[in-house]
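Notes follow once the structure below has been shown.
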Amino acid sequence: MKDTALRIADFKDSIFGVISRLARENNAVNLGQGFPDFDGPEWLKEVAFRKMQEGHNQYAPFQGIVGLRQEVSNYYKKFYSLNYNPESEITITVGATEAIYVVITALINPGDEVIVLEPFYDSYVASIKMAGGIPVPVTMHAPDFTIDRQELEKAITPKTKLLILNNPHNPTGKVWAKEELLDVASIAQKHDLYLMSDEVYEFLLFDGAKHIPTATLDGMLERTITVSSAGKTFGLTGWKIGWICANEKVTRACRLVHQYVTFAVSTPMQEAVAEGLTKLSDYLPGFVSLYKGKRDLFYTEMKNLGFEFAIPKGTYFMMVPISKKTDLKDVDYAMKLIQERKVATVPPSAFYLKSTEGEKYLRFCFAKKDETLRAAAKNLQGL
């Protein structure tokens, strides 16, 4: 038998899948993979069931049902004063992960370079490599996870075509300040780059933090491709409903890829999310309050265990420094905690290509039942 494709020769199993498997094998409390261990709102599940009963069960239009594209357009206008044409500038995808793959495949030629700000969501690099592109890392430096403008400028060459930004940021919980975004935006404009803005945690903000979509910055609407999804917002990650918002030219390219990857997205779930988006204003205060309570609970538990770090302002992740607890690197310490303390976390060095800063941290997900968080804290006592 001939070998499989060289483009995936250096691929490994996703760290998220590996950690979840080890958590099951060791009967560990899983604070690794980023999904809630409780369900999203009952009213939205009831909407989905009703949509199935009403007969919305066949293929949807490949670009997404009209109603959902319209409601995505509506909320961008209502919350951010952004005007996206639902017919020509919004595409529905199988979650944000497919959206990321589609955008990169639509834009990147073999040999093109893509700036990734590390630590990064691991599918960025995989998608770049599958497109034949070259990922170029620029480090967000701990403990505040800021970028150095000069370092970013140095990483850009005539081959650079795309810069990827994640805000609010997984895995650090950072919410980018406007001044930081303006810095990145000015560089993208100076070097005529596309910018893919992954904003799936756009509504998970705490302590008065504000989400600023990159596309709202002066001069950035045309060159920004915004990716988001309903999975994080409604706590229903298994529904896998995401979207891409971009100018008409880029949208056309993305749709050409999307139609040959998945063609269509789950019809009843699209119908349900479309209805759910109409209720965002009423839903979001309770949603944010729920996760803020979990963040505060787990942060207090971690502080009581002797961990010292700044409380995250967004997402449902905490990057927790471990150097005061161990001389081990993140991977070895994560394995130790799974096996000996029955707590699963994600070693963030998997999210770096250049820097070794990730070896000094573990990523914890606090999107869990309160009893799950307390059980994890109890298992970690005496570290």
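Readers should treat all values here as calculations from the given coordinates under stated rules, not as data from a laboratory. Computed from a predicted structure; not experimentally measured. Cβ: placed from backbone, ideal geometry, glycine included. Neighbour counts: every protein chain shown.
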**Fill in**
Listed by chain and number, the residues whose amide H is under 5 Å from that of Glu118, excluding neighbours fewer than 5 places away on the same chain and using placed H, are Val138, Thr139, Met140
**Prompt:** Around His56, which amide H atoms from residues at least 5 apart in sequence, or from another chain, sit under 5 Å from its own amide H, with H modelled in the peptide plane?
**Reply:** none
**Message:** Using the alpha carbons of the range 248-383, what is the convex hull volume per residue in cubic angstrom, as a whole number?
**Reply:** 191
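Which three semi-axes in whole Å describe the equivalent ellipsoid of the range 5-109, each the square root of 5 times a Cα gyration tensor eigenvalue, listed largest first? Show your work: numbers first, answer last.
Working: eigenvalues 194, 114, 47 Å².
Each semi-axis is √(5λ); the values are 31, 24, 15 Å.
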**Asked** Hey, with R₀ at 25 Å, roughly what FRET efficiency would Val331 and Glu25 work out to, going by the Cβ-Cβ distance, to 0.05?
**Response** 0.90
**Asked** Mind checking the dipole of the chain: about its Cα centre, +1 per Lys or Arg Cβ, -1 per Asp or Glu Cβ, Debye to the nearest 20?
**Response** 500
**Complete:** Where a ≥ b ≥ c are root eigenvalues of the Cα gyration tensor, a/c under 1.5 meaning rounded, otherwise prolate if a/b exceeds b/c and oblate otherwise, the range 42-279 counts as prolate
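With charges only on Cβ, +1 for K and R and -1 for D and E, what is the dipole size of the range 200-248 about its Cα centre, in debye, rounded to 20? List each step's numbers first, then the result.
On the way: 4 positive and 5 negative charges, 46 e Å.
Roughly 220 debye, rounded to the nearest 20.
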**Message:** Which three numbers, in whole Å and largest first, are the semi-axes of the equivalent ellipsoid of the range 150-260 derived from its Cα gyration tensor as √(5λ)?
**Reply:** 23, 20, 12
**Message:** Loop-only GluC sites (Glu not before Pro) in the range 265-340, please: DSSP not H, G, I, E or B, and at most 16 other Cβ atoms within 10 Å.
**Reply:** Glu308
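Dividing the alpha-carbon Rg of the range 325-376 by 2.2 N^0.38 Å yields what? Walk me through the numbers on the way to the answer.
Working: Rg = 12.0 Å, N = 52, 2.2 N^0.38 = 9.9 Å.
In units of the globular-protein estimate, the range 325-376 measures up at 1.21.
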**Request:** Identify, among Met335, Phe79, Gly286, the residue whose Cα sits farthest towards the positive end of the charge dipole of the chain, taking +1 on the Cβ of Lys and Arg and -1 on the Cβ of Asp and Glu, with the dipole about the Cα centre.
**Result:** Met335
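Kindly provide the helix-only [θ] at 222 nm of the chain, computed as the sum of -39,500 (n - 2.57) over DSSP H runs of four or more divided by all residues, to the nearest 500 deg cm²/dmol?
Numbers: 13 runs with 151 residues, N = 383.
One gets -12000 deg cm²/dmol as the mean residue ellipticity at 222 nm.
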**Request:** Tabulate in residue order the Karplus-calculated ³J(HN,Hα) for the range 218-223, using 6.51 cos²θ - 1.76 cosθ + 1.60 with θ = phi - 60°, rounded to whole Hz; enter x for Gly and Pro.
**Result:** 3, x, 9, 4, 6, 9
**Ordering of 174-187, 64-77, 10-23 by burial proxy (mean other Cβ atoms within 10 Å per residue, highest first)** = 64-77, 174-187, 10-23
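For the range 37-163, what does the equivalent ellipsoid look like in terms of its semi-axes, each the square root of 5 times an eigenvalue of the Cα gyration tensor, given largest first in whole Å?
Details: eigenvalues 246, 69, 51 Å².
Ellipsoid semi-axes (Å, largest first): 35, 19, 16.
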**Fill in**
In terms of the charge dipole of the chain, which places +1 on Lys and Arg and -1 on Asp and Glu at the beta carbon, the residue among Val200, Asn26, Ser323 farthest towards the positive end is Asn26
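Classify the range 288-359: rounded, prolate or oblate, from the alpha-carbon gyration tensor (a ≥ b ≥ c, eigenvalue square roots; a/c under 1.5 rounded; otherwise prolate if a/b is larger than b/c)?
Numbers: a/c = 1.86, a/b = 1.43, b/c = 1.30.
Since a/c reaches 1.5 and a/b is larger than b/c, the shape of the range 288-359 is classed as prolate.
How would you rank Leu117, Leu297, going from fewest to most other Cβ atoms within 10 Å of each one's own Cβ?
Values: Leu117 21, Leu297 16.
Lowest to highest Cβ neighbour count: Leu297, Leu117.
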